[in-house]
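Let me begin by presenting the structure, written as structure tokens, before commenting on it.
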Amino acid sequence: MIIGRVNAGSGDPAYNGKRGAGVGRVPSRGVGRLRVVEELEAVVSANLQRAFRLRQSILQKAFSGELV
């Protein structure tokens, strides 16, 4: 698990020097960050869908002669 390895360094207060000690659990601050990332992914996905629909609408109007 990558998240477990990212925070396991000498500057991490939860690090106890044992290899793989943090693997299998996500620190609480990591959970918060993960939640933020998931929310951002949802916003980006919604905006991409919106942009796609807007593009399709513009193209439809352009080819039907409504867009001048």
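Regarding the stretch 41-54, can at least one residue be identified that is in a helix (DSSP H, G or I), over 30 Å from Leu67 (Cα atoms), under 22 Å from the mean Cα position of the chain (by Cα) and at pLDDT 95 or above?
Keep residues of the stretch 41-54 that are in a helix (DSSP H, G or I), which gives 41-54.
In the following step, the residues that additionally are over 30 Å from Leu67 (Cα atoms) were identified as 41-42.
Still in the running and under 22 Å from the mean Cα position of the chain (by Cα): 41-42.
If we keep only those that are at pLDDT 95 or above as well, we get 41-42.
Checked against the condition, which is being in a helix (DSSP H, G or I), over 30 Å from Leu67 (Cα atoms), under 22 Å from the mean Cα position of the chain (by Cα) and at pLDDT 95 or above, the stretch 41-54 yields at least one hit.
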Next item on the list: Tell me which residues, restricted to the stretch 28-68, are exposed (fewer than 10 other Cβ atoms within 10 Å of the Cβ) and of a type in the set (Ser, Thr, Tyr).
Entry: Ser28, Ser64
Next item on the list: Report whether or not Gly22 is surrounded by 10 or more Cβ atoms within 10 Å (Cβ to Cβ) and either touching a Leu at 6+ places or on another chain (Cβ under 8 Å) or at pLDDT below 85 (or both).
Entry: yes
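The values are calculated or read from the model by the stated rules, or taken from the named source; none is laboratory data. Note that the structure is predicted; figures quoted are calculated from it, not measured. Cβ atoms come from the backbone with ideal geometry, glycine included; neighbour counts cover every protein chain shown.
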